[in-house]
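The values are calculated or read from the model by the stated rules, or taken from the named source; none is laboratory data. Keep in mind that what you see is a predicted model, and the values were worked out from it rather than measured. For neighbour counting, all protein chains shown are included, and Cβ atoms are generated from backbone atoms with ideal geometry for every residue, glycine included. With ligands, DNA and RNA removed, areas are computed over all heavy atoms of the protein, side chains included. Shrake-Rupley method; radii C 1.70, N 1.55, O 1.52, S 1.80 Å.
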Amino acid sequence: MKRFIVIMALCLGVLHAEATLHVGLGGIAGSENFRVKNPGISDRKTSATLQGVQLKLGYGSIRSYAVELDLGYGRYDKNIFSERDSDYVYFDISLIKAFDLEWGFYPFFKLGFGTGELEVRRTVTKSVSSGSFFAGLGGYLPLGAGFDLEASVIYRGKSWEDLDMISNQTETTSSIFEPYIGINFRF
């Protein structure tokens, strides 16, 4: 039993020794599909292109596990909830599992959840909140001097806050394949 504890402590020490803090900046884009359910009316489907930027802060290893916090800002190319939808700000938490396959880059997959807020122009409501779960794949390409290029795509399912339509509540859901490309710096 003592040997097992010593081996686990050594393994955790090696994992901890590889872990670093990293920051990143990149862009996202994708076509988001919306579905609006309104009681007594046929479902309405529409899509809008989301473009934005993400600022990342993470801790972990480029070769194994990491936890990442993302703060994003974006805009849709058309209005969904009001006559003039505006800024979409969101926050994500991700768990990343990367693999060292000795190919010169590190493929990974990620899982996470997030929350967002879209500014709208409605009589009663000034913003609409969303919650999301996502999963995706990507890779890191080391560039040297602590920098790496990150490319990924995630599938994100969102549930939006219900809107009051006088006598009914609407239910809105959406989904998006969200490509990302950016640069990270590892300390």
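Quick one: count up the residues across segment 18-66 that are open to solvent by 20 Å² or more (accessible area, probe 1.4 Å), assigned to a strand (DSSP E or B) and more than 28 Å from PHE81 (Cβ to Cβ).
So the count comes out to 7.
Mind listing whichever residues of segment 24-59 are acidic (Asp, Glu) and modelled with pLDDT under 95?
ASP43
What residue, among those in segment 117-128 that are modelled with pLDDT under 95 and assigned to a strand (DSSP E or B), is farthest from GLU178 (Cα to Cα)?
SER127
Scan segment 111-135 for residues that are closer than 16 Å to LEU71 by Cα and open to solvent by less than 50 Å² (accessible area, probe 1.4 Å) and jot them down.
Answer for segment 111-135, where residues must be closer than 16 Å to LEU71 by Cα and open to solvent by less than 50 Å² (accessible area, probe 1.4 Å): GLY112, GLY114, GLY116, LEU118, SER129, SER130, GLY131, SER132, PHE134.
Kindly provide the set of residues from segment 129-152 that are assigned to a strand (DSSP E or B) and over 22 Å from the mean Cα position of the chain (by Cα), ordered by number.
LEU143, GLY144
Would you say GLY72 is under 30 Å from PRO142 (Cα atoms), surrounded by fewer than 18 Cβ atoms within 10 Å (Cβ to Cβ) and either among the charged types (D, E, K, R) or within 12 Å of the chain's Cα centre (by Cα) (or both)?
No: the conditions fail for GLY72.
Does PHE108 qualify as being open to solvent by 80 Å² or more (accessible area, probe 1.4 Å), part of a strand (DSSP E or B) and in contact (Cβ under 8 Å) with a residue 12 or more places away in the chain?
No: the conditions fail for PHE108.
Just to be sure before I move on: is PHE4 open to solvent by 30 Å² or more (accessible area, probe 1.4 Å), modelled with pLDDT of 95 or more and among the hydrophobic types (A, V, I, L, M, F, W, C) in the structure I sent?
Taking the combined requirement at face value, the residue does not satisfy it.
Go through (1) open to solvent by less than 50 Å² (accessible area, probe 1.4 Å); (2) outside any strand (DSSP E or B) one by one and return the number of the condition LEU163 breaks.
(2)
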